[in-house]
Amino acid sequence: MTTTETRLFAGISVPKTPLVDLAIDYARETYETYLFNHVFRSWLFAVRIAELQDIAHDGEVLALGVLLHDITLNERFAGPRRFEVEAADMARDFAKKAGLDKRRAQLIWDSVALNSTPSIGLYKEAEVMLCTTGICFDVVGLKYSVIPSSEVQAIVAEFPRLGMKQKMTACFCHIAKTQPETTYDNFVRDFGERLVPGYRVPSSVDLVAAAPFDE
């Protein structure tokens, strides 16, 4: 999709459309401030990486995927599925209600559902890959050297981190403590095993061994 109208945030040019405005407003109303800043930084990082590496993509799909990817990341999360999948359903519904077609809405679903699984997300469509890249840039420093440090500093100055590491860790530990069944095959397991006393989830080894087949 080609968009002609843009605006600047922290010196980064992003699409300005009614749909993107809607997503920004929804994100601002829904998130805690530190998470709003996180998704916004992640979006700007993703857009800038796409520009620097000349990656063609649908700007609205990328915006919605990144801005809505952590809708369920909070200490109220109650499942029943892993938080990324719950968020992906909400983001897809948001996109459909806003008028996006099935293909674009599904790209947003994939972007959200796979945002914390870079071993898959980085090899999907450009929008999914960029969503994963921008988020992982902000969380773990993936491709940190791609964007000039002065630009990174400008983005962080406009959208401060506000103790994100500690606050995200608290959310992940909450999920591991209260919904461990959603974590056995994803990264939240690492937080449970390291930081949550008594955390136990099934092992894939046990699941294979217990498969109901005679051999």
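Checking A113, A154, A88, A95 one by one, the residue that is farther than 30 Å from V201 by Cα, of a type in the set (G, A, S), surrounded by 19 or more Cβ atoms within 10 Å (Cβ to Cβ) and in the same structural domain as V47 (by TED's automatic domain parsing) is A95 and no other.
When segment 188-207 is limited to residues that are of a type in the set (A, V, I, L, M, F, W, C) and modelled with pLDDT of 95 or more, the one that is nearest to T117 (Cα to Cα) turns out to be V188. Checked against the criteria, V61 counts as modelled with pLDDT of 95 or more, in the same structural domain as A10 (by TED's automatic domain parsing) and surrounded by 24 or more Cβ atoms within 10 Å (Cβ to Cβ).
On the basis of being surrounded by fewer than 23 Cβ atoms within 10 Å (Cβ to Cβ) and hydrophobic (A, V, I, L, M, F, W, C), does I49 make the cut? Taking the combined requirement at face value, the residue satisfies it.
From the list A95, A87, the one residue that fits, being over 23 Å from R161 (Cβ atoms) and of a type in the set (G, A, S), is A95. In segment 65-84, the condition of being closer than 23 Å to A98 by Cα, in contact with a strand residue (DSSP E or B) (Cβ under 6 Å, 6 or more places away or on another chain) and either crowded, with 16+ Cβ neighbours inside 10 Å or among the aromatic types (F, W, Y) (or both) is met by no residue.
For segment 191-207, the set of residues classified as among the aliphatic types (A, V, I, L, M) and touching a helix residue (DSSP H, G or I) at 6+ places or on another chain (Cβ under 8 Å) consists of L195, V196, V201, listed by residue number.
To keep it simple, each residue is scored yes or no on (1) over 23 Å from T183 (Cα atoms); (2) within 18 Å of the chain's Cα centre (by Cα).
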| residue | (1), (2) |
| --- | --- |
| N115 | no, yes |
| L130 | yes, yes |
| P148 | yes, no |
| Q153 | yes, no |
| A157 | yes, no |
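For segment 116-133, does any single residue satisfy the condition of being on the phi < 0 side of the Ramachandran plot and either in the same structural domain as T178 (by TED's automatic domain parsing) or at pLDDT below 95 (or both)? The answer is yes; a qualifying residue exists.
The values are calculated or read from the model by the stated rules, or taken from the named source; none is laboratory data. Source: prediction; values computed, not measured. A quick note on method: Cβ atoms are made from the backbone with ideal geometry, for glycine too, and the neighbour counts reach across all protein chains shown.
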